[in-house]
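The values are calculated or read from the model by the stated rules, or taken from the named source; none is laboratory data. All of these numbers come straight from a predicted model, not from anything done at the bench. Here Cβ is always computed from backbone atoms with ideal geometry, including for glycine, and neighbour counts include all displayed protein chains.
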Amino acid sequence: MVLSPERSSPTVGVGVFYRAGFRLEPEGRTGFAHLFEHLMFQGTTNVPKPHFGNLINSAGGLLNGFTRHDYTAYFEVLPASALEMACYLEADRMQFLDLNEETLRNQVDVVKEEVRVNVLNQPYGGFSWLWLSQYAFSTYPNAHNYYGEFADLEAATVRDAREFYETWYGPGNATLVLVGDFAEDQARKLVERHLSSVPARPAPPTPALDEPLPKARQEHTRIDPLAPTPQVAVGYRTAPFGQQDHLPLALAARILQDGRSSRLQRHLVGEQQLLLHVAGGPHYPIGDSFEFGGPALFTLEATPRPGVTTAAAVAALDREVELLAAEGPSAEEVERARRRELAAYHAGNDSRLGRMTELGVMAAVHRNPQMVDELPQLFSEVSPADVTRAVREWLRPERSTVLHWQPPAAGSRQ
Amino acid sequence: MSAERGLTEVDLSAVPETGPVPPVRVTGVSRTVLANGVAVMVVPRPTVPRVEFRLSVPAGAAMGPSAAAAELLAMGIPLGTKELDQAQLAERIQDLGGSLHVSQDHDRLYLQAAALSEAEEDLYQLLADLVMAPEFPAHDLATERAKLMEGLRMARAEPHFPAGEGLGRLIYGDHPYGRPEPSETTVRRTGRQALLDLHRRSFSPWRAQITVVGDVEPRRTQARLRRAFSPWQGPRRVPGLPAVRAGGSDEIHFIARPGSVQTVVLAGSSGPSHGHPDHVALTLATAVLGGGFTSRMMSNLREDKGYTYSPHARLSNHLLDGLATASMEVRNEVTGAAYLELVYELGRLASLEVPREELETTRSYLSGARVIMLQTQAGLATALAQVRAHGLDHRYLERYSEQLAQTSAKEVMAAARRYLAPTAMTTVMVGDPDAASQLRALAPVRLVRGAGRL
């Protein structure tokens, strides 16, 4: 449990983070972690289907959830007077979720529409986060389709859902985060009243996720029938949390691609006119540098100018990364990147959802919520030499996977 | 209807009670008008050591001689000044722990900037120099043109793009609110001089509004803003847009996108905007229909039928009207069935009063969402900048929940009947043409082939 009182406005954020994400869904059940997230909004035996959302909206609150690689989060932001109700509702769905055939079939349909709207009916659908990891990794937990193959979604049973719920959704695998307008002792009492009675269900250890680092660059191509122009992504294996290069790589990402002063923007979009757009970083575009508990990618995505091939775009990205590795960043570049981290830290803290998410991820995935407030200090200790070392170690072509995203060949389009 | 099952028969007495939604309070507001006409509002909000800055001028996407010029004007601002090129400008802003984004709605262009509060004075000076004399350097402008053309090519491949463009055309006709996105030809033809001219005509200090929210001391901030922005000179008047004469169509305009695996459904009508007597009632009606997790579209089309992932309705508040829309993406084989349910929900809202409890939930949801949005510096700054563009201020934000409470179910039904009824809405769909046949029993259908220009 993590408590972070902040009383400048009369609202609270309540989050429950379960250490159960895409990576541990069973084989043959791709997409199940996310499908299960949907089922958590389908009511309990005490508070049936439409009432959960109605109760929160009636109290003036907002709710949602999100599934990531190594956790799934559920949250409410509501007036302070609704704190106890939110604790009750979270405890209730931790124990009494109503898993039944009717809601399961309904939510399978809904999730399939979600995949259609975000992936199948869109140009560049799922580029690059959904696809790049499927090429860059080789073991099932890291390399499957996290949104789910339709056949797997359709094959899901109520029994699968019960088993997943009982295994991963017990209090032993949950982190509760409260932020906002409450007194600490009052919050402790509410949590005691509603959550302490939830019977313990210790979670099994998370399966081993690590994979050896790649030894040679792999190149893959996907044809997107809806895409009018190509894009390309390069995914390097990135430093894991806690490793000495982890924070320096976050700064390297800003130095490379954050804003018009960054190297890739200035050199490749501006001076050399090779790219129209570039973006990236550790875990891009999912969350920030702290999202992952297992192996992850540092991704650079680029849109070449018309007439520039994706291969030429990759060669240009390689040159810039190599230059940064060879010369290192200037002291000013590192200082600017730190200021950006500091500004992002403050902006995140200003919203209940932002603060709650930072604390929840750091607590649930890394067991270290205190680190959230140490970040400004930790970033201030990263030197230009640290960034150079991290880039040299991790952003090597031989540790990367390239995904060329191509429109259909001219003439073959419908 | 199974979507409404169970609402009355469940015992929820074990659920802890909650209190009323707290009121919105925006305290410490100070205002001033600079000698050159710039209207300044400063709100202290020291939650974190940052400052949020918004500046708006009447240079929206519907203003100016063409869509290409209006959009390139916005894209050209961050390219810097004679003294600072785009990379140098970005460096300076990042040195302040800051950021700069330029955005547009139909009516106005917004500079949205932020910085660590210790750097507030430097931020204002940088932005003032930029607002007064953007350089639009030819070389960098060529890159922005290429970005815009590429962005348009990508957008046209998305199903929502022709839907939105088509609806705008049907409702607004030749009015600039219905102006299609720029063509590649007009983008190519829009040069530096056109942007300098448009900037000179539309960046008027007399029509500019500055909003600052953050960890600031208002008096000192006002003085800093005055120092930075007083030299700004420009025209006193900026020509406005003609009144909206909203049109519409009784036919479903079905834009063919062969191979689509979903049909995009977009229905809309022109209604009132902020400050109009019907506005709050229509806001409530739109939210009952499709705002949030427990709306009727969500309950029926998603949670009961499983036809769609995120059906929703919203009211976009332009200066001259409000565009009420309902939209969803549904798999091809339920295109007709989903449209039937949408028409049912629109008709129900226009014909029957919203039950007391449902209306109360919707009021609380809207009030609470407003409280939550306004509690961050950025959220408050953006909301203030937007209502100020309509001639309103922080008191309008404060009175919102009271206005919601005072709006009756009868008024909500009247607003729905006038603006959201099936007969008031114009419907555009984008999808595989085979799906269009499912609609012919429900409404006249006009199948549009080609690029989606109606």
- Item | All positions within the stretch A:328-353 that are assigned to a helix (DSSP H, G or I), without any contact (Cβ under 8 Å) to a residue 24 or more places away in the chain and among the acidic types (D, E) | A:E332, A:E335
- Across the stretch B:297-351, what is the number of residues that are surrounded by fewer than 22 Cβ atoms within 10 Å (Cβ to Cβ), away from every other protein chain (no Cβ under 14 Å) and part of a helix (DSSP H, G or I)? 8
- Item | the stretch A:1-32, subset within 14 Å of another protein chain (Cβ to nearest Cβ) and among the hydroxyl-bearing types (S, T, Y), residue nearest to A:G360 (Cα to Cα) | A:S4
- Item | Pick from the stretch B:166-187, criterion in a helix (DSSP H, G or I) and out of contact with any helix residue (DSSP H, G or I) (no Cβ under 7 Å at 6 or more places or on another chain), ranking: farthest from B:L447 (Cα to Cα) | B:T185
- Query: How many residues does the stretch A:96-130 hold that are under 30 Å from A:E166 (Cα atoms) and more than 14 Å from chain B (Cβ to nearest Cβ)?
  - Reply: 4
- B:P239 fails exactly one of the following numbered conditions: (1) closer than 17 Å to B:L170 by Cα; (2) modelled with pLDDT under 95. What is the number of that condition? (1)
- The condition from (1) more than 30 Å from A:T167 (Cα to Cα); (2) in a loop (DSSP other than H, G, I, E, B) that A:T206 misses is numbered (1)
- Item | Residue identified as without any contact (Cβ under 8 Å) to a residue 24 or more places away in the chain, buried (at least 19 other Cβ atoms within 10 Å of the Cβ) and within 14 Å of another protein chain (Cβ to nearest Cβ) among B:A90, B:A113 | B:A90
- Any chance the stretch A:46-66 includes a residue that's more than 8 Å from chain B (Cβ to nearest Cβ), modelled with pLDDT of 95 or more, under 22 Å from A:F96 (Cα atoms) and part of a loop (DSSP other than H, G, I, E, B)? no
- Query: Among the numbered criteria (1) in contact (Cβ under 8 Å) with a residue 60 or more places away in the chain; (2) more than 19 Å from the chain's Cα centre (by Cα); (3) farther than 23 Å from B:D434 by Cα; (4) more than 13 Å from chain A (Cβ to nearest Cβ), which single criterion is violated by B:G268?
  - Reply: (2)
- Query: Somewhere in the stretch B:142-149, is a residue within 12 Å of chain A (Cβ to nearest Cβ), closer than 29 Å to A:Y124 by Cα, part of a loop (DSSP other than H, G, I, E, B) and at pLDDT 95 or above?
  - Reply: no
- Item | Yes/no for B:E398 being among the acidic types (D, E), at pLDDT 95 or above, within 22 Å of B:R296 (Cβ to Cβ) and part of a helix (DSSP H, G or I) | no
- Note on the structure: Note on the stretch A:233-251: residues part of a strand (DSSP E or B) and either within 14 Å of chain B (Cβ to nearest Cβ) or among the basic types (K, R) (or both) are A:R237
- Qualifying position, being touching a helix residue (DSSP H, G or I) at 6+ places or on another chain (Cβ under 6 Å) and in contact (Cβ under 8 Å) with a residue 24 or more places away in the chain, among A:I255, A:I223: A:I255
- Within the stretch B:1-80, strands (runs of 3 or more DSSP E) holding 1 or more residues that are among the hydrophobic types (A, V, I, L, M, F, W, C) and buried (at least 20 other Cβ atoms within 10 Å of the Cβ): B:39-44, B:50-57
- Specify the residue that is nearest to B:T362 (Cα to Cα); the eligible residues are those in the stretch A:67-86 that are at the interface with chain B (Cβ under 8 Å from one of its Cβ atoms) and of a type outside the set (A, V, I, L, M). A:P79
- Query: Quick one: how many residues across the stretch A:242-280 are at pLDDT 95 or above and farther than 30 Å from B:I77 by Cβ?
  - Reply: 7
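Give the residue, chosen from B:A155, B:A194, B:A163, that is in a helix (DSSP H, G or I) and within 22 Å of B:I252 (Cβ to Cβ). Please lay out each step first, then the result.
Values: B:A155 fails: within 22 Å of B:I252 (Cβ to Cβ); B:A194 fails: within 22 Å of B:I252 (Cβ to Cβ).
Residue meeting the stated conditions: B:A163.
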- the stretch B:352-410, residues that are within 13 Å of chain A (Cβ to nearest Cβ), charged (D, E, K, R) and within 17 Å of the chain's Cα centre (by Cα): B:R370
